[in-house]
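Asks: Here it is: the structure, laid out below.
The values are calculated or read from the model by the stated rules, or taken from the named source; none is laboratory data. Nothing here was measured: the structure is a model prediction, and the numbers come from that model. As a convention, Cβ positions derive from the backbone with ideal geometry for all residues, glycine included, and neighbour counts pool all protein chains shown. Accessible surface is based on the protein model in full, side chains and every heavy atom, while ligands, DNA and RNA are left aside. Shrake-Rupley method; radii C 1.70, N 1.55, O 1.52, S 1.80 Å.
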Amino acid sequence: MLSVDFCGLKLKNPVIVASATPSITADAIKRAAENGAGAVVTKSVMFPDENGRPTGANPRPKFQLYNTPNGYDPALTEKGGMFSFFRIEEPYPTPEKMAEMLKELKGPNGVDIPIIVSICGFTGNYESWRRLARMMEDAGADALELNGHMWNPYSKYTDPVIASVVKSEVKIPVIFKMMGVTEDPTEVAPKIVAAGADAITGLGTFGLDGIELDVDAEKPWFSETTGLGGPWLRPVSLAFVSRIANSTNVPISGVTGIQCAEDAIKYILMGATTVQVCGAIYARGYKVLREIAEGIEAWMKKKGYNSIEDFRGKALPYLTGTSPQDQPTRAFVTDRCTGCKMCLDSCMFDALHLKDGKAFVDERCDGCGVCWSLCKFRAIEMRDYK
Ligand SMILES: Cc1cc2nc3c(=O)[nH]c(=O)nc-3n(C[C@H](O)[C@H](O)[C@H](O)COP(=O)(O)O)c2cc1C
């Protein structure tokens, strides 16, 4: 029921571990597989520095979960409220290290899920991308994900040429991870596809800066950040994915802010075939992978769907790009109202009152929709009044 064909890769379910620390060693990847991952994208592989040391460093701490004014409350994560910022500077696996990992992962004590190796060449140095691609295909990668980083000051724009360089070198599927939050995906994604990419991952956000502060300590959590994640960015990524879906016809892997099955379903409704999870693994452990897959399955059964394709992209037609003008709409209170009064204070037009223990809307209602969106009992409906 959950199985998908993602650019030729056969996945038992669409939930993929995103490229980061949870996929940085063979043991980490085994844990992901044991916990139900459909596939894994490895931590990005890079060439070592000029001294032969793995690129990257060891800033600590490197990951900050954040959802309250001064830090993190796990109870809110259960409800979907978490965001994260992180330093990606960790020793990147070298091609030799990744080749060793692949040998183990493809061996008798390995895993039976596709391993997508993320590669990260140097900006403007196509030969480095070509060589990494060749080495990783030879080492047994099932596919490659190109880390299309927007990592100031090195790279300010997505470079689709990387896709054509890598495609001309290897036979395995090539997925391009788009990170250009400031770019228009309807312009860039078709160029990436024209360059030969078999699939696109979006929206990766590393290279996007952000600051959050600990007010008690009176200082930022980190002196700098090089990546952001979490549900607060999901709407941005969902819009990005919808534009890739509407401007290309390659499979898409949705990433950023996926914490639960519903988040994953949203990406699929926007056209994604697979989804990638990172921050939620930090916050809740690898078990979140199986929870997400099982949650998608339960939702599909409830809805009567037999395959991911049955509902993939189903919400896209609602994105018309225009909203109705001069709509004669007003709030109406239904029987579900409990009289909790929560909506009363929110009305900027003073149109809501309590009458016989229930909310009552008078003719001053502007139709703005605030009470409708606030009511946790879904007791308010927006309807035409003419
Ligand atoms: C510590 C850390 C390291 C990361 N390293 C990489 C990387 O090497 N390559 C890559 O493409 N993305 C990397 N990412 C980005 C994630 O793959 C993902 O795009 C991002 O975390 C957003 O997803 P989330 O909201 O589920 O966390 C990293 C993320 C974190 C937290």
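Asks: Could you tell me which of the residues Leu9, Leu65 is touching a strand residue (DSSP E or B) at 6+ places or on another chain (Cβ under 7 Å) and more than 13 Å from the ligand (Cβ to nearest atom)? Quick ask: steps written out before the conclusion?
Replies: Working: Leu65 fails: more than 13 Å from the ligand (Cβ to nearest atom).
Matching residue, one of Leu9, Leu65: Leu9.
Matching residues to (1) modelled with pLDDT under 95; (2) closer than 23 Å to Leu316 by Cα; (3) open to solvent by 10 Å² or more (accessible area, probe 1.4 Å); (4) touching a Phe, Trp or Tyr at 6+ places or on another chain (Cβ under 7 Å):
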{"site": "Ile192", "(1), (2), (3), (4)": "no, yes, no, yes"}
{"site": "Gly202", "(1), (2), (3), (4)": "no, yes, no, yes"}
{"site": "Thr205", "(1), (2), (3), (4)": "yes, yes, yes, no"}
{"site": "Leu208", "(1), (2), (3), (4)": "yes, no, yes, no"}
{"site": "Ala217", "(1), (2), (3), (4)": "yes, no, yes, no"}
{"site": "Glu224", "(1), (2), (3), (4)": "yes, no, yes, no"}
{"site": "Thr274", "(1), (2), (3), (4)": "no, yes, no, yes"}
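Asks: Oh, and also: On the given criteria, is Asn125 away from the ligand (no atom under 13 Å from the Cβ), polar (S, T, N, Q) and buried (at least 18 other Cβ atoms within 10 Å of the Cβ)? Quick ask: steps written out before the conclusion?
Replies: Numbers: away from the ligand (no atom under 13 Å from the Cβ): yes; polar (S, T, N, Q): yes; buried (at least 18 other Cβ atoms within 10 Å of the Cβ): no.
In short, no.
Asks: Next up: Within the stretch 35-61, which residues are open to solvent by less than 30 Å² (accessible area, probe 1.4 Å) and among the basic types (Lys, Arg)?
Replies: Hit for the stretch 35-61 is Lys43, nothing else.
Asks: Residues being in a loop (DSSP other than H, G, I, E, B) and within 15 Å of the ligand (Cβ to nearest atom): count how many of those fall in the stretch 180-225.
Replies: 15
Asks: Could we say that Leu238 is within 13 Å of the ligand (Cβ to nearest atom), assigned to a helix (DSSP H, G or I) and either closer than 23 Å to Val17 by Cα or among the small types (Gly, Ala, Ser) (or both) here?
Replies: Judged against the criteria, Leu238 is a match.
Asks: Here's another thing I want to ask about it. Suppose we filter Thr25, Thr77 for residues that are more than 10 Å from the ligand (Cβ to nearest atom) and open to solvent by less than 10 Å² (accessible area, probe 1.4 Å); which single one remains? Let's see the steps before the verdict.
Replies: Values: Thr25 fails: open to solvent by less than 10 Å² (accessible area, probe 1.4 Å).
Residue meeting the stated conditions: Thr77.
Asks: Give the number of residues within the stretch 241-272 that are under 18 Å from Val188 (Cα atoms), open to solvent by 30 Å² or more (accessible area, probe 1.4 Å) and in a helix (DSSP H, G or I).
Replies: Residues meeting the conditions: 3.
Asks: Residues being touching a strand residue (DSSP E or B) at 6+ places or on another chain (Cβ under 8 Å) and over 21 Å from Phe85 (Cα atoms): count how many of those fall in the stretch 277-306.
Replies: Count: 3.
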